[in-house]
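J.: Dumping the structure here so I can ask a few things about it.
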Ligand code: ADP
């Protein structure tokens with residue numbers, strides 16, 4: 001089942017809370033008004049009773065027994081009161097009280113009660129008066145008709161006014177929440193229209209300098225990242241297919257040419273040799289591409305163990321020396337006699353060092369030389385791979401770790417490569433908590449340095 005929209009839910013909650021608050025307020029207000037009326041009336045009745053009592057007990061006034069008095073002192077205006085003797089016999093009743101026939105009660109001390117007399121509420125205060133040895137029952141009363149009518153009127157006004165107010169407030173709330181949510185709807189609409197082919201589009205910021213602005217900024221930052229990731233994937237695909245096209249074309253044309261007419265065994269061997277070397281190139285390229293793709297999705301992980309970096313450098317130097325000597329380059333190395341323990345992955349470190357040595361050899365020509373040094377100091381161990389090759393220009397230097405990036409010199413001078421080695425090398429170094437730094441001068445040479453934290 002579809003949930004109602006935020007706008008409807010907001011309005012419903014707001015109206016419900018407002019209704020509860022208004023009803024609670026109305027109920028309290030009516031109860032307090034009633035209470036305050038009763039308190040005022042009761043105070044008045046107590047005062048009236050005192051006044052009548054003073055009149056009754058004044059010297060010279062004889063309430064008499066069994067008959068009604070009409071002395072001037074005992075007729076104070078329209079006061080409602082009556083006096084009965086201790087047997088209930090009426091002694092005196094004020095003119096306004098006479099027709100009401102209020103039963104005379106026998107109160108312990110002063111009591112207040114509300115009686116319904118001729119369908120009208122009458123507040124009655126009953127008390128005892130002792131005068132010259134005789135006990136009388138005094139009752140003063142107050143007609144509540146006007147008050148009750150006024151409170152009833154007020155109550156009905158409330159019960160009509162509250163639903164009307166609530167309806168108005170709900171409509172206003174619905175309208176206001178619509179206004180507040182309008183930018184969200186606009187952003188939803190804008191986000192809906194963004195697809196892989198127009199990833200440059202952005203969500204318009206409402207310019208309200210509030211949470212909605214922050215939401216738009218967050219969405220746009222996310223789109224920026226997605227666009228960047230899409231661009232990288234696109235570029236990766238374009239570059240990868242570009243790099244693969246040449247060796248695949250070479251393999252194909254070499255095979256086609258060899259098969260064009262019958263050839264000697266020597267010719268076939270030569271053709272197959274070329275095809276083999278290009279295939280090796282393709283498979284190493286594919287391996288690098290797959291490695292980078294695995295790094296991207298996070299499935300390429302390195303298992304670490306405590307290992308001797310000097311031992312790994314020694315192994316790699318043996319291969320590097322053979323490589324350098326095959327290119328008629330000088331080779332020197334300076335490795336410490338003892339071990340330098342690091343937390344690392346043997347295959348990963350071998351690959352990293354070989355990438356750097358391979359580049360040093362590749363970008364150095366006769367009679368240059370390559371040097372590898374390992375130095376452990378201040379809790380770190382650093383490997384330096386130095387060459388006297390073509391160097392890297394300041395224009396190329398910031399980009400050499402990017403995938404498929406190759407300097408103009410590397411391209412134009414026909415150095416073989418796809419521009420993936422340093423990207424892979426940097427990933428391995430970072431996985432080891434190490435950074436690669438480069439010192440270089442175009443035409444003079446380059447030194448790559450990688451520094452690892454030592455472990456005990
Ligand atoms: P590749 O060597 O396959 O081109 P890399 O990622 O290993 O790719 O290197 C990227 C670029 O960095 C190279 O194209 C080259 O321009 C530059 N580079 C790397 N190592 C050296 C070096 N030792 N001397 C000169 N330039 C280098």
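J.: Can you tell me which condition residue 234 does not meet? The list is (1) assigned to a helix (DSSP H, G or I); (2) at pLDDT 90 or above, and all the others hold.
T.: Unmet condition: (2).
J.: Right, here's the next one. Name the residue, out of 291, 354, that is modelled with pLDDT of 95 or more and on the phi < 0 side of the Ramachandran plot.
T.: Only one candidate passes the filter, namely 354.
J.: Can you name the residue in region 368-383 that is surrounded by 18 or more Cβ atoms within 10 Å (Cβ to Cβ) and in contact (Cβ under 8 Å) with a residue 60 or more places away in the chain and is also farthest from the chain's Cα centre (by Cα) among such residues?
T.: The qualifying residue farthest from the chain's Cα centre (by Cα) is 368.
J.: A further question follows. Could you list, in sequence order, all residues of region 381-398 that are over 30 Å from residue 340 (Cα atoms) and within 8 Å of the ligand (Cβ to nearest atom)?
T.: 390, 392, 396 - these are the residues of region 381-398 that are over 30 Å from residue 340 (Cα atoms) and within 8 Å of the ligand (Cβ to nearest atom).
J.: Also, quick follow-up: Quick check: is even one residue across region 416-436 without any contact (Cβ under 8 Å) to a residue 60 or more places away in the chain, within 8 Å of the ligand (Cβ to nearest atom) and in contact with a helix residue (DSSP H, G or I) (Cβ under 6 Å, 6 or more places away or on another chain)?
T.: No, because not a single residue in region 416-436 is without any contact (Cβ under 8 Å) to a residue 60 or more places away in the chain, within 8 Å of the ligand (Cβ to nearest atom) and in contact with a helix residue (DSSP H, G or I) (Cβ under 6 Å, 6 or more places away or on another chain).
J.: Go through (1) outside any helix (DSSP H, G or I); (2) away from the ligand (no atom under 16 Å from the Cβ); (3) crowded, with 20+ Cβ neighbours inside 10 Å and name the single condition residue 337 misses.
T.: Residue 337 satisfies every listed condition except (3).
J.: Scan 326, 332, 365 and give me the residue that is surrounded by fewer than 19 Cβ atoms within 10 Å (Cβ to Cβ), over 53 Å from the mean Cα position of the chain (by Cα) and within 13 Å of the ligand (Cβ to nearest atom).
T.: 365
J.: Right, next: Can you pull out every residue in region 345-362 that is out of contact with any helix residue (DSSP H, G or I) (no Cβ under 7 Å at 6 or more places or on another chain) and surrounded by 21 or more Cβ atoms within 10 Å (Cβ to Cβ)?
T.: Result: 360, single match.
J.: Please go through region 322-351 and give me each residue that is over 22 Å from residue 422 (Cβ atoms) and in contact with a strand residue (DSSP E or B) (Cβ under 7 Å, 6 or more places away or on another chain), ordered by number.
T.: Across region 322-351, the qualifying residues are 325, 330, 332, 334, 335, 336, 339, 340, 341, 343.
J.: Out of (1) within 11 Å of the ligand (Cβ to nearest atom); (2) without any contact (Cβ under 8 Å) to a residue 60 or more places away in the chain, what's the single condition that is false for residue 403?
T.: For residue 403, the exception is condition (2).
The values are calculated or read from the model by the stated rules, or taken from the named source; none is laboratory data. Keep in mind that this is a model prediction, so the values were computed, not measured. All Cβ positions, even for glycine, are placed from backbone atoms using ideal geometry, and neighbour counts span all protein chains on display.
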